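Participant: Here's a structure for you.
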Amino acid sequence: MDTRKRNILKELMASNTPITAGYLGQILEVSSRTIREDIKDLNQILSKHGAEIKSTRGIGYELEIIETKDFHSFLSDHSQNTIVDNKLPNSPESRIVYIIKKFLLSEKYIKLEDLADEMHVSKSTLQLDLKSIRSILKSYNLQLNSLPNYGLKIEGKELNRRFAMSEYVFNRDHTAPDLLWIDQLSTITHSDKETLTNIWRLLINKLDENNVSLSDIAVNNLFVHIAIAYKRIKNGHSINLVQKDLKDIESQKEYEVAKNIVKEVEQIWQVSFPDIEVAYITIHLLGTKMINESLVSEKKIENIMDNNIKSLAISMVESIDDELNLGIQGDTELLVGLCLHLKPALNRYKYGMNIRNPLLNDIKTNYPLAFEAGLIASLVLYEKLNITIDENEIAYLALHIGAAIERQKLEHTPKRCYIVCASGVGSSQLIRYRIESEFHSQIIVEGVTEYYRINEIPLNKIDFIISTVPIKHDLPIPIIEVNAILSEKDITKVGEFVESIEEKIAEYIPKENLFLNKSFSSKEEVIDFLSSVAESKDTLPDNYKEMIYEREEIATTAYGNLVAIPHPISPQSTKTFLTICTLDSPINWDDRKVQFVCLLNVEENSKENLQRMYGLLGNIVNDPELVRQLIEAKNYQEFVSTVININD
């Protein structure tokens, strides 16, 4: 099964509704006819393994699993056969990874002609790929140098080369040190699987003995880096550190832990690790160290916090609340979490150490508001320390912030009210049951009473009063006046008070802000068009468009599933609104295909709760069928109806 068929199967498995050949063709950049042929071939494979792709004319394709055990067995066997896959790549993204891996593992120059022949592509195609490859290598401070008549070769510090190897030399989709990882490391290091398993066990034991607590991902990374160090030492390569950095590292208590690990690793592999390699492993311990919050009291954690880091974390949270109004400044758990993360993060930056976040795409897709908050926090890091961090680090900050946002939601307990009604028990009970029916999880009705008994209401135990008569008393809580027979307008009035949310999402998209089936061919064309529309609708700064591009430079706003949500680097508008366009065919947006673009403008210094709007955008990103419906909408009413249905 080739890559395209695997991708078709992946899309079908991810969707709970039928998918058309046209939609699959747009994602995979082939014709509908090609998709139909692929599905025909794919069905022949799946029919032997407990599954079938069913086709419904006019609706699309849907995966039906007939024998779950057989199908899961097929997926398991298939993944093991393809993870360590030496087949030639057949997409730009897979070619780039293949070529980087080739250069990282090569001790010699590689000629472009030989590489083109090996991969069955043209030299001009490879020249285009090299632009992306040079950019990726630059992020590791590595260069791809050319020597006439010899070819190309990676140059740069050994330490940076190893960081790149840990990311690109083998498939890192799996976050556990399972057999797939062992298989790949065995091939790369020419070390048998039993030896690698022993190294893993040794590492775990040493960390436990020395009370060093690392996340699962951090332990996996350290394991991989030790294996790469072994391979590079066997090939005659070692890292270099300036004397000042070396002395600084040797003074850390993690240095002794690294010495103990290296001592036993040498015995297993029968190879001598230079002293400098101990420092290298120490860097990883410094860059991934964390405190086990479940075992340490909050007070003790605060006592061991560095004051400078604590001040930095406070500034981050303040900046986030100033920009997004999330109400998270009083969250002590967030402050502690950020401090615990920032200390190793600053160590990683100090030693030029890249970190991989396997949850990056999931965080960007499912927690867009938290990711935006993480980006704001990263700007504080730049302003205070002149440190620039990448998407991987930003996403780790977003995890802590996302948890704070969820805690904030939990704290929103139901509002308590009293109902004041002058027209008898029947009317008051009708109001009560209607309110409880409409707002069953948001309002608790503590009681009903007549107007003349208003002084008996326990005002200290309720949040507001719903009354069918004007109340002249000066009361310390809000009063919502309604009709004796509640109308929809009355229900809306109560709802607006209780929920304190923005108006319905569709109201952010006036008809003149929606553009369907545009024929733009580039990211720049789309941004230029939508930004000019926004500038015509609101008073925006002269460098508004530059702020959008500045945000794109930090991290792409193409979130996958054909969706991009560009926006200025910080709120700039006098109101919150969306400007949207769909495209007649997908365009390339930072190596991702995009056909639905939403330019997001948030009111500067807004006090609105925008989580509902961000939640909607997150839902769109996550659901291929919804994206398809929005892209295929023929007019404003059809589009907005789909949006309202999503938001209900």
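The values are calculated or read from the model by the stated rules, or taken from the named source; none is laboratory data. Note that the coordinates shown come from a computational prediction; the quantities given were computed from them, not determined experimentally. Every residue, glycine as well, gets a Cβ built from its backbone with ideal geometry; the counts of neighbours run over all protein chains shown. Ligands, DNA and RNA are excluded from the accessible area calculation, which covers all protein heavy atoms including side chains. Shrake-Rupley method; radii C 1.70, N 1.55, O 1.52, S 1.80 Å.
Participant: Filter segment 581-603 for residues that are of a type in the set (Phe, Trp, Tyr) and either surrounded by fewer than 20 Cβ atoms within 10 Å (Cβ to Cβ) or free of Cβ contacts under 8 Å to residues at least 40 places away in the same chain (or both) and give the result.
Facilitator: Matches in segment 581-603: Phe596 only.
Participant: Counting residues that are of a type in the set (Phe, Trp, Tyr), which strands (runs of 3 or more DSSP E) fully inside segment 491-590 reach at least 1?
Facilitator: So the answer is 514-518, 558-560, 577-589.
Participant: Are any residues in segment 25-58 among the aliphatic types (A, V, I, L, M) and either part of a helix (DSSP H, G or I) or exposed (fewer than 12 other Cβ atoms within 10 Å of the Cβ) (or both), and if so, which ones?
Facilitator: Ile27, Leu28, Ile35, Ile39, Leu42, Ile45, Leu46
Participant: Identify the residue in segment 624-648 that is at pLDDT 90 or above and of a type in the set (S, T, N, Q) and, among all such residues, is surrounded by the fewest Cβ atoms within 10 Å (Cβ to Cβ).
Facilitator: Applying the filter and picking the extreme gives Asn635.
Participant: Of the residues Asn543, Asn517, Asn513, Asn561, which is within 22 Å of Asn361 (Cβ to Cβ) and either out of contact with any Pro (no Cβ under 8 Å at 6 or more places or on another chain) or buried (at least 17 other Cβ atoms within 10 Å of the Cβ) (or both)?
Facilitator: Just one listed residue meets the conditions, Asn561.
Participant: Condition (residue is open to solvent by less than 70 Å² (accessible area, probe 1.4 Å) and of a type in the set (Lys, Arg)) applied to segment 135-154: is it met by at least one residue?
Facilitator: yes
Participant: Here's another thing I want to ask about it. In segment 325-349, how many are within 19 Å of Ala403 (Cα to Cα) and open to solvent by 20 Å² or more (accessible area, probe 1.4 Å)?
Facilitator: Count: 10.
Participant: Taking the options Ile363, Ile387, name whichever one is assigned to a loop (DSSP other than H, G, I, E, B), open to solvent by less than 30 Å² (accessible area, probe 1.4 Å) and at pLDDT 80 or above.
Facilitator: Going through Ile363, Ile387 in turn, the sole match is Ile387.
Participant: Could I ask something else about it? So the check is Cβ under 8 Å with 6+ separation or different chains; which pairs have a first residue in segment 53-69 that's touching a residue at least 24 places away in the same chain (Cβ under 8 Å) and a second one that's open to solvent by 90 Å² or more (accessible area, probe 1.4 Å) and among the basic types (Lys, Arg)?
Facilitator: Sorted first by the residue in segment 53-69, then by its partner, the pairs are Tyr61/Lys54; Glu62/Lys54; Leu63/Lys54.
Participant: Return the total of residues in segment 119-134 being open to solvent by 60 Å² or more (accessible area, probe 1.4 Å), touching a residue at least 24 places away in the same chain (Cβ under 8 Å) and closer than 26 Å to Ser166 by Cβ.
Facilitator: The qualifying residues number 0.
Participant: Still on this model: Report, by residue number, each residue of segment 4-24 that is buried (at least 17 other Cβ atoms within 10 Å of the Cβ) and not basic (Lys, Arg).
Facilitator: Once the filter is applied, which keeps residues that are buried (at least 17 other Cβ atoms within 10 Å of the Cβ) and not basic (Lys, Arg), segment 4-24 yields Ile8, Leu9, Glu11, Leu12, Ser15, Pro18, Ile19, Thr20, Ala21, Tyr23, Leu24.
Participant: Identify the residue in segment 78-104 that is modelled with pLDDT of 80 or more and open to solvent by 60 Å² or more (accessible area, probe 1.4 Å) and, among all such residues, is farthest from Arg6 (Cα to Cα).
Facilitator: For segment 78-104, the residue satisfying everything is Lys102.
Participant: Only one of Ala398, Ala404 is without any contact (Cβ under 8 Å) to a residue 40 or more places away in the chain and buried (at least 18 other Cβ atoms within 10 Å of the Cβ); which?
Facilitator: Going through Ala398, Ala404 in turn, just one is without any contact (Cβ under 8 Å) to a residue 40 or more places away in the chain and buried (at least 18 other Cβ atoms within 10 Å of the Cβ): Ala398.
Participant: Further question: How many residues are open to solvent by less than 40 Å² (accessible area, probe 1.4 Å), under 22 Å from Pro414 (Cβ atoms), touching a helix residue (DSSP H, G or I) at 6+ places or on another chain (Cβ under 7 Å) and modelled with pLDDT under 80 if we restrict to segment 470-506?
Facilitator: The total comes to 1.
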